[in-house]
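Right, one structure below, let's go through it.
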Amino acid sequence: MSSLANLRPLRDHILLLRLPELGGDSAIVIPDVSKKPAHRGQVLRIGPGRRMPDGWQRPVDVFPGEVVRYQSCDIDDGEYVLIQEGDILGIERA
C-alpha cells in the first residue's frame, strides 16, 4: 500500500485516487489557453480548510466520494494524488 493512502491532508490539500479518463464528450471542456490536460480523481480525504488572516477557517468545497477534474498536483505516486483545492477545475455530476 502506498504511503499516500495513509496521509491526512492539512489546510486546503486534498488526497485523490486517480481515475481513468472517460471516453467521448462527457468531460468538461478546458479552453485551448490551458495546455495542461485535466485529470480525473475521486476525493478520498480532505484537509480542514485554509485559515484566513482574520483567524476564520474556510472549509474545503469538495467532499470525500466526489469525482473531480484537476489540472496539476503536488505529489503523485501513480495511484494517489495530493493537490491543493485551487487545482480542482470542477466536480463531475453523478
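3J(HN,Hα) along the stretch 14-20: 9, 9, 10, 9, 5, 10, x Hz, from the Karplus curve 6.51 cos²θ - 1.76 cosθ + 1.60 with θ = phi - 60°, whole Hz, x for Gly and Pro.
Under a 5 Å amide H cut-off, with hydrogens placed 1.01 Å from N, Arg45 pairs with Leu15 among residues at least 5 apart or on other chains.
Taking amide H positions as modeled 1.01 Å from N, with prolines and chain starts lacking one, the residues under 5 Å from Gly90 and 5 or more places away or on another chain are Arg69. Backbone amide hydrogens, once placed in the peptide plane, bring Tyr80 within less than 5 Å of Arg18, excluding anything fewer than 5 places away on its chain. Take the Cα of Arg58, step 7 Å toward its Cβ, do the same at Glu21, and the gap between the two points is 3.1 nm.
Since every read-out is calculated from the coordinates, none of them should be taken as a lab result. A quick note: this is a predicted structure, and the numbers were derived from the prediction, not measured. As a convention, Cβ positions derive from the backbone with ideal geometry for all residues, glycine included, and neighbour counts pool all protein chains shown.
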